[in-house]
Amino acid sequence: MRLLYLYLLAAVLTVTSVEAREEFWYMGAGGGVTFLNDKDDLFNEIDEKSTTVKVYVGYRVSTYIALEIEYAYYGERDYKGVLTATSVTGKAEYAALTGSIVVMYPLIWDGIELFTPIGLSLIDAKTDIKDKTTGGYKAGFGLAYTPSFSKHFTMRVGVDILVFDLTAGDEDYQQNLASAYATLQYNF
């Protein structure tokens, strides 16, 4: 009997009441908070929390897939010491340009869908010591809501993680930026 209930639940979740959307362009902007995880301790001390500001433009290819380009500024952080040099102080600043494939899944409630961006990024890391542009990747998940009274606006709430390496000397140091954000999107 439990197997039947699980089967019925799976069937209900796969059938959506959202009508198939046609292709369209969209753009959005928003902000939130970013946390830096300096996994390999490139900096002796660094502010872990900062502000995220992002803008993006995308093209919805189908009901389930969109292509998106995003620019995000992940804030400025104060740091002390790089590697073993404890007398060095300064500011570190992070920004990224990301190209993503966004997988979307409409839920059974009209206008609500899950989304997952997966993409490649160019990360611009600026410090008082050195500026560095490096590659990385991004993954995330979130919830989007398009109200039935206006199909031109979508609100998103999500979490993204950027994973990349910074080179100092002859070694690579892994860093992660985790961002929680909310955006407002206009659909053309």
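Quick note: the coordinates plus some simple rules give every number you see, no bench work behind them. Remember, predicted model here, so these are calculated numbers, not experimental data. Virtual Cβ from ideal backbone geometry, glycine too; neighbours counted across all protein chains shown.
Values as computed for the structure displayed
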read-out: Least to most buried among Y26, Y74, Y181, Y59 (fewest other Cβ within 10 Å first); value: Y59, Y26, Y181, Y74
read-out: Fewest-first ranking of I46, I101, I123, using other Cβ atoms within 10 Å as the exposure measure; value: I101, I46, I123
read-out: All aspartates and glutamates inside 17 Å of K80 as judged from Cα atoms, apart from same-chain residues fewer than 8 positions distant; value: D38, D40, D41, E45, D47, E48, E93, D128, D131
read-out: For a label point 7 Å along the Cα-to-beta-carbon line of I65, residues of the range 173-188 with backbone N under 12 Å; value: none
read-out: Sparsely packed chymotrypsin sites (Phe, Trp or Tyr not before Pro) within the range 101-164, loop by DSSP, other Cβ within 10 Å at most 15; value: W109, F149
read-out: Taking T116, T98 and counting other C-beta atoms within 10 Å, the order from fewest to most; value: T116, T98
read-out: Listed residue pairs exceeding 32 Å between alpha carbons, taken from K91/K138; K49/K130; K49/K151; K54/K132; value: K49/K151
